[in-house]
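The next block holds one structure in the form of structure tokens; read it before the comments.
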Amino acid sequence: EARRNGKALEQITWQAALVIGLIQCVAMWPGTSRSLVTILGGLAVGLSLAAAVEFAFLLGVVTLTAATAYTALKSGDGMVAAYGWPALLTGFIAAWVSAALAVKWMVAWLNRHGLTLFAWWRFAAAGLAALLLLAVVRLDLLRAWQEGLPVEAPNRFLINIQPPDVGPLNAFLSA
């Protein structure tokens with residue numbers, strides 16, 4: 001409840017904005033969401049959840065506007081030649097309107113539900129990524145190890161076999 005009652009966006013200080021900006025450095029870690037880090041940074045400096053989300057999206061607008069301006073300056077002539085002004089303007093307006101609607105919806109949704117669902121999603125995604133990495137990386141390591149074995153070596157990989165179990169296990173594997 002305190003997250004909902006934090007400071008409004010209009011109350012943010014330059015020091016708080018600087019802290020949020022520094023916290024965004026965490027987003028340089030691969031797979032880390034810049035928006036989520038910004039939201040968490042906003043909450044850490046005392047913004048309400050709605051204000052933190054709005055601030056994150058406003059920073060995203062600045063970043064995307066700069067990237068768009070850079071691309072337009074670099075490749076604008078080619079884009080106009082390939083697509084024409086009507087298509088580019090239509091795409092720009094559609095993107096702007098859909099972004100504004102998405103931000104409005106997201107702020108309202110987060111005010112009602114909070115960030116818990118996103119936390120569980122991140123845990124599930126991290127768990128799935130870890131399982132996939134283990135499955136893929138471990139199989140590659142095992143395959144490389146097996147290729148280094150002599151041709152007559154048995155194609156078995158077992159660990160932690162207790163001495164009383166060696167005889168029955170060898171009999172089972174030989175069958």
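The values are calculated or read from the model by the stated rules, or taken from the named source; none is laboratory data. Bear in mind the structure is a predicted one, so any value in this text is a computation, not a measurement. Virtual Cβ from ideal backbone geometry, glycine too; neighbours counted across all protein chains shown. SASA here: full protein model, heavy atoms, side chains in, ligands and nucleic acids out. Shrake-Rupley method; radii C 1.70, N 1.55, O 1.52, S 1.80 Å.
Which of the residues belonging to the range 66-79 are surrounded by fewer than 16 Cβ atoms within 10 Å (Cβ to Cβ) and either aliphatic (A, V, I, L, M) or on the phi > 0 side of the Ramachandran plot (or both)? Within the range 66-79, Ala66, Ala67, Ala69, Ala72, Leu73 qualify. Report yes if Trp145 is aromatic (Phe, Trp, Tyr), assigned to a helix (DSSP H, G or I), open to solvent by 80 Å² or more (accessible area, probe 1.4 Å) and under 30 Å from Lys7 (Cα atoms), otherwise no. The answer is no for Trp145.
Can you say whether Ala87 is of a type in the set (Gly, Ala, Ser), part of a helix (DSSP H, G or I) and open to solvent by 70 Å² or more (accessible area, probe 1.4 Å), as far as the supplied structure shows? Answer is no for this residue.
In this structure, does Val80 turn out to be part of a helix (DSSP H, G or I) and at pLDDT below 85?
no
When the range 7-65 is filtered for residues that are buried (at least 16 other Cβ atoms within 10 Å of the Cβ), in a loop (DSSP other than H, G, I, E, B) and in contact (Cβ under 8 Å) with a residue 40 or more places away in the chain, the ones remaining, listed by number, are Ile12, Gly46, Ser48. In the set (1) open to solvent by less than 60 Å² (accessible area, probe 1.4 Å); (2) in contact (Cβ under 8 Å) with a residue 12 or more places away in the chain, the condition left unmet by Phe118 is number (1).
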